[in-house]
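Data first, discussion second: the structure below is written as structure tokens.
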2 protein chains.
Amino acid sequence: MPQTSRTNSKKERRQENEALILSAAEKVFAEAGFGGATMQLIADVAGLPKANLHYYFPTKESLYRQVVQNIFQIWLQAADTFDQAEGPAEGIGAYIDAKMEISRRHPAGSKVWASEVMHRAPVIQDYLETTLMEWTDGRAAIVQRWIEEGRMAPVNPHHLLYMLWATTQHYADFGHQIETLNGGAPLSDAQWEEAKKSVKDIILRGIGVIK
Amino acid sequence: MPQTSRTNSKKERRQENEALILSAAEKVFAEAGFGGATMQLIADVAGLPKANLHYYFPTKESLYRQVVQNIFQIWLQAADTFDQAEGPAEGIGAYIDAKMEISRRHPAGSKVWASEVMHRAPVIQDYLETTLMEWTDGRAAIVQRWIEEGRMAPVNPHHLLYMLWATTQHYADFGHQIETLNGGAPLSDAQWEEAKKSVKDIILRGIGVIK
DNA sequence: GTCTATAACTTGATAGAC
DNA sequence: GTCTATCAAGTTATAGAC
């Protein structure tokens, strides 16, 4: 069945090229912003002719939208650690670890998200209003329950979540500033561990689950 | 002396127009990013013909640079609260208050700075390496002294500073996200107070200066 | 100092050969 | 499916009248 075989081959080729383009686009959008990024530069980074980008993604905005959606999915998965925990020390501690790891492994994605939100979320406002809102309210309810059970200090759950996002994503979004203040060198393995430990220590002590 | 008088008048006019342009530019750069902002839009917001912008600021980049420098100065002034304090509870508490107030009053400036740093600080890298580095090391030394005097928990001073920046600036940079999660309404006066209190409670308890 | 008109350039997107 | 050549639109910046 040559046709089926060729179809599969085409699908694979398509997936490979799409992944290649998405990876290049994430990098370029992160470094230049949506307005500053050019399809030509994304094509160069991906190693493809510019016209091919338009073959896979009809417009610059459709490509950008896919990049933002991918990041959002990665963050949602980090929430699993939150849900499966038996208590605040384990749940929030693991969530910080997971978010810090994402900041280290996907700094470009975090920056694209930050840029999108800073510009009033022109492309993903619907996600903020639906998926993110539900996620946030759900996790705030878990925190509230822990508080009522006397397992952590009575803090405002929403502001705690904002602090978790702000602190962990700062290591991706402001990574260049941190790197500069670190003498121009990226954080080493040991320094990343120190960062994780510092964030967890202050926050977990701040919500009264460690002494 | 008509010439002197006219010169003063010109100076005043110049200062007024420059301030007008800078204010409009801050807003537009914050909402669209450097690449997405256009001189035409800045001119429209300022209520001036586009050519006048080029009369006061020769290039788009020179205008942008001035906007970023202004923000940096505002933040440096917030450091005074840090220095004049007698101990960590007062110093860090007042610093959080000051930074939160700036996030509320100058959200556009904070966003421009965030965007600049995220894009690897192409315009103000020299400030990061000199002024900001010196400021950071100086404040880290103060924190270190407080720790050695047993007045606060032994946390990494740099990571504490990063947390202070991240948490306070989050309310400006991600203000749109917070507003959306708040049901689409900006934080009220009471909610801003709640935010300040939440941040201070968790961090001050986290560094062991309140119970 | 101000403003209109335009030059010089870059960009996103597409047509059409292969 | 791929790629070269090119268009149409929009941008920064400036020339030159007032």
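Of the residues making up the stretch A:156-198, those losing 50 Å² or more of accessible area when the isolated chain is joined by the remaining protein chains, with a 1.4 Å probe, are A:His159, A:Tyr162, A:Met163, A:Ala166, A:His170, A:Phe174, A:His176, A:Gln177, A:Thr180, A:Leu181.
Charges were assigned to the Cβ only: +1 to each Lys and Arg, -1 to each Asp and Glu. The resulting dipole of chain B about its Cα centre is roughly 520 debye.
Pairing chain A with chain B buries about 4800 Å² of accessible area. This figure sums both sides and uses a 1.4 Å probe.
Do the alpha carbons of any pairs in A:Lys99/B:Lys111; A:Lys99/B:Lys27; A:Lys196/B:Lys196; A:Lys200/B:Lys111; A:Lys111/B:Lys50; B:Lys11/B:Lys50 sit beyond 28 Å of each other, and which pairs? Result: A:Lys99/B:Lys27; A:Lys111/B:Lys50 exceed 28 Å. When a/c is below 1.5 the answer is rounded, else prolate if a/b is larger than b/c, else oblate, so apply that to the protein assembly as shown with a ≥ b ≥ c taken from the square roots of the Cα gyration tensor eigenvalues. Since a/c reaches 1.5 but b/c is at least a/b, the shape of the protein assembly as shown is classed as oblate. Maximal additional length on extending the B:Gln125-B:Gln144 stretch stands at 4.2 nm, based on 0.36 nm per residue less the C-alpha distance. Rounded to the nearest whole Hz, the Karplus-based 3J(HN,Hα) values (6.51 cos²θ - 1.76 cosθ + 1.60, θ = phi - 60°) of the stretch A:83-93 follow the sequence 6, 7, 7, 8, x, x, 4, 6, x, 6, x, with x at glycine and proline. For the stretch B:176-211 and the stretch A:160-211, what is the centre-to-centre distance using only Cα atoms, to the nearest Å? Distance between centres, Cα-based: 19 Å.
Distance between the modelled labels on A:Glu134 and B:Leu76, one decimal in nanometres: 4.9 nm (7 Å Cα→Cβ projection). Distance from the C-alpha centroid of the stretch A:8-40 to that of the stretch B:29-98: 33 Å, rounded to the whole angstrom. Summed over the residues of chain B and divided among them, the accessible surface reaches 46 Å² per residue at a probe radius of 1.4 Å. For A:Lys197, the distances from its label point to the matching points in the remaining copies are 3.5 nm, ordered from shortest, with each point set 7 Å beyond Cα toward Cβ. Sparsely packed loop sites in the stretch B:1-108 (the GluC sites (Glu not before Pro) outside DSSP H, G, I, E and B with at most 12 other Cβ atoms within 10 Å) comprise B:Glu86.
Copy-to-copy label distances for A:Ala185, where each label lies 7 Å from Cα along Cα-to-Cβ, are 5.2 nm in order of increasing length. Split the accessible area of the stretch A:110-172 by element, probe 1.4 Å, and carbon with sulfur accounts for 49%.
Dipole magnitude of the protein assembly as shown about its Cα centre, charges +1 at Lys/Arg Cβ and -1 at Asp/Glu Cβ only, in debye to the nearest 20?
940 debye
Annotation for the stretch A:116-190: GluC sites (Glu not before Pro) lying in DSSP loop with at most 10 further Cβ atoms inside 10 Å of their Cβ are A:Glu149. When every Cα-Cα distance of chain A is counted in 5 angstrom steps from zero, the calculated P(r) takes the values 1, 6, 13, 16, 15, 14, 12, 9, 6, 4, 2, 1, 0, 0 percent. Estimated from helical segments only, the mean residue ellipticity of the protein assembly as shown at 222 nm is -25500 deg cm²/dmol, where each DSSP H run of four or more residues counts as -39500 (n - 2.57).
Placing a label point 7 Å from the Cα of B:Glu90 along the Cα-to-Cβ direction, the distances to the matching points in the other copies come to 4.4 nm, shortest first. Using R0 = 25 Å, the C-beta based FRET efficiency linking A:Arg65 and B:Asn182 works out to 0.50.
If contacts are Cα pairs under 8 angstrom and at least 6 residues apart, what is the relative contact order of chain B in percent?
Reported relative contact order: 21 percent.
Along the charge dipole of the protein assembly as shown, which of B:Ile124, A:Ala190, B:Ile202 sits closest to the positive end, that is, farthest toward it, with unit charges on the beta carbon of Lys, Arg, Asp and Glu (+1, +1, -1, -1)? The residue sitting farthest along the positive end of the dipole is B:Ile124.
The values are calculated or read from the model by the stated rules, or taken from the named source; none is laboratory data. Quick caveat, the model's predicted, so the values are computed rather than measured. Glycine gets a Cβ as well: all are built from the backbone with ideal geometry, and neighbour counts include every protein chain shown. Heavy atoms of the whole protein, side chains included, go into the accessibility calculation; ligands, DNA and RNA do not. Shrake-Rupley method; radii C 1.70, N 1.55, O 1.52, S 1.80 Å.
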